[in-house]
Amino acid sequence: MENYIVSFTTVLILIGLYKLFEKLLPIDKAEYKTDKTVEELRKKYLKFDLKQLGMLALFTVVLVFILFMLFSVLVALRLSLLSDITIIVKPYREMILIISLFSGMLLATLAIFAISKRLLKNDWDEYLAYSNLKYKFNYVKVSKYTIRIFALITGVLIIAFLDWYSAFGQKEIKLNGLLSIGAKTYKYSDIIKINDVERLKAPNGNIVDDPHFIVEFKDGEKWNSRDNGFANYDQDSDIINLITTKTNIEPIELEFYNE
């Protein structure tokens, strides 16, 4: 049922955006115009559109693979510079895949844009006018805004995901959460409590079994193994065992954790 609601809501949002673009960015105010009908232009550029989609798909796949390998190497190099590390939680492969996908799509789109302009030569302006007619709003202007916003989001994700880690050494702990400015360093003496939580309440109100740990520090900071750990109880237990040997603080077993 929830999937249907999400799908229905997504469709409504897309329709709403389409209508909004029609109203705010009408074709008659577009920079690129043509006297030809959309049907004439569709026949002329049908093969080119299909070729363009094929190139976009190919470029995206290739770039995503290359970027995934590159980002993986950069993460390994970045974390290799840290000292006093016994256990480290690195950015998840899913994180690296997401930023690779976003970056790959962005670069592929820009590449196709440049290639298409070069291939069409004198027909480029007409093709842009055709794009406006095809979508019934100023598609060219919307595309420019969309690419800029997408680039901004991609940049934020790259910075946030690639610099995310939790490192536990023999003397100190280094935590760098999502969107945090620099890593925070703690001594084990800064830890005041270790919570071993059994269940949590999901956003939909359901109670789910999800054992995890929450470590509290003197300054009010909390390290949650669900968000910043391995998200695996057995693996996260190794971190807690290390903390326990350094602090002599035993985990407190809780059914639920109350903030």
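From the list Leu74, Leu70, Leu41, Leu79, exactly one residue is assigned to a helix (DSSP H, G or I), touching a Leu at 6+ places or on another chain (Cβ under 9 Å) and within 30 Å of Ala183 (Cβ to Cβ). Which is it?
Working: Leu70 fails: touching a Leu at 6+ places or on another chain (Cβ under 9 Å); Leu41 fails: within 30 Å of Ala183 (Cβ to Cβ); Leu79 fails: touching a Leu at 6+ places or on another chain (Cβ under 9 Å).
None of the others qualify; the one that does is Leu74.
The number of residues in region 124-168 that are open to solvent by 80 Å² or more (accessible area, probe 1.4 Å), β-branched (Val, Ile, Thr) and in contact (Cβ under 8 Å) with a residue 60 or more places away in the chain comes to 0. May I ask you to verify whether Lys193 is in contact (Cβ under 8 Å) with a residue 24 or more places away in the chain, in contact with a strand residue (DSSP E or B) (Cβ under 8 Å, 6 or more places away or on another chain), part of a strand (DSSP E or B) and open to solvent by 40 Å² or more (accessible area, probe 1.4 Å)? Spelling it out, Lys193 is indeed in contact (Cβ under 8 Å) with a residue 24 or more places away in the chain, in contact with a strand residue (DSSP E or B) (Cβ under 8 Å, 6 or more places away or on another chain), part of a strand (DSSP E or B) and open to solvent by 40 Å² or more (accessible area, probe 1.4 Å). What single numbered condition from (1) assigned to a helix (DSSP H, G or I); (2) exposed (fewer than 14 other Cβ atoms within 10 Å of the Cβ) fails to hold for Ile115? Failing condition for Ile115: (2).
Every residue, every condition in (1) closer than 17 Å to Ile88 by Cα; (2) at pLDDT 95 or above, yes or no:
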| residue | (1), (2) |
| --- | --- |
| Ile173 | yes, yes |
| Gly177 | yes, no |
| Ile181 | no, no |
| Ile191 | no, yes |
| Ala202 | no, no |
| Arg226 | yes, no |
| Glu253 | no, no |
| Phe256 | no, no |
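Every test in (1) surrounded by fewer than 14 Cβ atoms within 10 Å (Cβ to Cβ); (2) over 21 Å from Leu157 (Cβ atoms) is passed by Val61 save one, and that test is (2).
The values are calculated or read from the model by the stated rules, or taken from the named source; none is laboratory data. Note that this is a predicted model, so its numbers are computed, not measured. Heads up, the Cβs are rebuilt from the backbone with ideal geometry, glycines too, and the neighbour counts pull from every protein chain shown. The area values use the complete protein model at the heavy-atom level, side chains included, leaving out ligands, DNA and RNA. Shrake-Rupley method; radii C 1.70, N 1.55, O 1.52, S 1.80 Å.
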